[in-house]
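**Student:** This structure is in structure tokens; I'll ask about it shortly.
We did not get these values from a lab; they are worked out from the coordinates using the rules stated. These numbers were taken from a predicted model, which means no experiment stands behind them. Neighbour counts are summed over all protein chains in view; Cβ atoms, including those assigned to glycine, are modelled from backbone coordinates with ideal geometry.
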Amino acid sequence: MTAPLLDVKGLAVRYGHVEAVNGIDLHLAPGRITTLVGANGAGKSTTLLALSGLVAKAAGRVQFDGTDITALPPHRIVASGLVQVAEGRATLTTLTVRENLDLGGYTRRDGAAARAADLEKVYTLFPRLKEREHGLAGNLSGGEQQMLAIGRALMARPKLLLLDEPSMGLAPIIVQDIFRTLREINREGLTIFLVEQNVRQALKIADHAYVLENGRIVLEGSGALLLNEPKVQAAYLGG
Ligand SMILES: Nc1ncnc2c1ncn2[C@@H]1O[C@H](COP(=O)(O)OP(=O)(O)O)[C@@H](O)[C@H]1O
Ligand SMILES: [Mg+2]
């Protein structure tokens, strides 16, 4: 097996006496979609926050692209290529679509031409954003705001894209659209780590999946394997 792009060992996070994440291991293969699924409160968001350096780790080690990023501050983690899509489609509603996308690339040091090229890529991926380029983000639909949040993250040139429940609050047809786009982005080479409560959709697009319960990984396998796993069906797929 090739070396994982992200290698997490024994990650633990506590909020006071709440053990939100309880010593988990994750191995994200480069070029793949990996998903972490689980019920509300399982510890999924906390895991992402810990990887992005936004909550303190009680234990564990995080290796990204051959570098130990365990103790790096959030901005250094983003600069290293580990970029999280803003949760809850937290686009800046009083700025235009274009301004939001420009903000996504503002830490880059590779020049205006490279940023302009990436902006065109985002517009190709999401033609709707191009159409609304000069409109306020606050006037976009929920699905469009999710697209903008993804586009903004892509402007930071990620090697690994983290998403926290991009399907949240969206109609099924929009969710399919978003997930299809994630597949497309992945096919172009981007590694994706997708956290979801929408277990069925997540397992469908994931190459590899982890099931999180009460801060622990209880099952792991290919998306296809877990879709057919009786325990997963009983607990998460209503069958
Ligand atoms: N800021 C916080 N302070 C205290 N407890 C928290 C905080 N955030 C999350 N928790 C608790 O940590 C656990 C995991 O939460 P979370 O990571 O948000 O789960 P998920 O994203 O899977 O729904 C839950 O028991 C939740 O109540
Ligand atoms: Mg969450």
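**Student:** Does anyone have the angle between helix 142-154 and the longest principal axis of the chain? Alpha-carbon axes, 0 to 90°, nearest 10?
**Tutor:** Tilt of helix 142-154: around 90 degrees.
**Student:** Only Lys, Arg, Asp and Glu count, each charged at its Cβ (+1, +1, -1, -1), so figure out the dipole size of region 99-239 about its Cα centre, rounded to 20 debye.
**Tutor:** About 180 debye.
**Student:** Compute the angle between helix 172-187 and the longest alpha-carbon principal axis of the chain, please, reported from 0 to 90 degrees and rounded to the nearest 10.
**Tutor:** Here the helix axis deviates by roughly 90 degrees.
**Student:** Additional query: Would you compute, from DSSP H runs of 4+ residues alone, the mean residue ellipticity of the chain at 222 nm, taking -39500 (n - 2.57) per run and dividing by the full residue count, rounded to the nearest 500? Let's see the in-between values first.
**Tutor:** Values: 10 runs with 89 residues, N = 239.
Roughly -10500 deg cm²/dmol at 222 nm, from the helical runs in the chain.
**Student:** Follow-up question, since we're still on this one. Output the antiparallel fraction of DSSP beta bridges having both residues in the chain, as a percent to the nearest 5. Don't jump to the answer; show the numbers that get you there.
**Tutor:** Details: 22 of 39 bridges.
Of those bridges, close to 55 percent are antiparallel.
**Student:** For Thr35, what residues show an amide H to amide H distance below 5 Å, using hydrogens built from the backbone and excluding near sequence neighbours?
**Tutor:** Under 5 Å from the amide H of Thr35: Leu194, His208, Ala209, Tyr210.
**Student:** Using the alpha-carbon centroid of each, what span in Å lies between region 1-64 and region 157-204?
**Tutor:** Here the two parts' Cα centres lie 18 Å apart.
**Student:** Can you list the HN-Hα couplings for region 48-57, worked out from phi with the Karplus curve (6.51, -1.76, 1.60; θ = phi - 60°), rounded to whole Hz and with x for Gly and Pro?
**Tutor:** For region 48-57, the Karplus curve yields 5, 4, 5, 5, 7, x, 8, 10, 6, 8 Hz.
**Student:** OK, next. Over all Cα pairs of region 3-126, how is the pair count split among 10 Å bins, expressed in % and running from 0 up to the last occupied bin?
**Tutor:** 11, 36, 34, 18, 2
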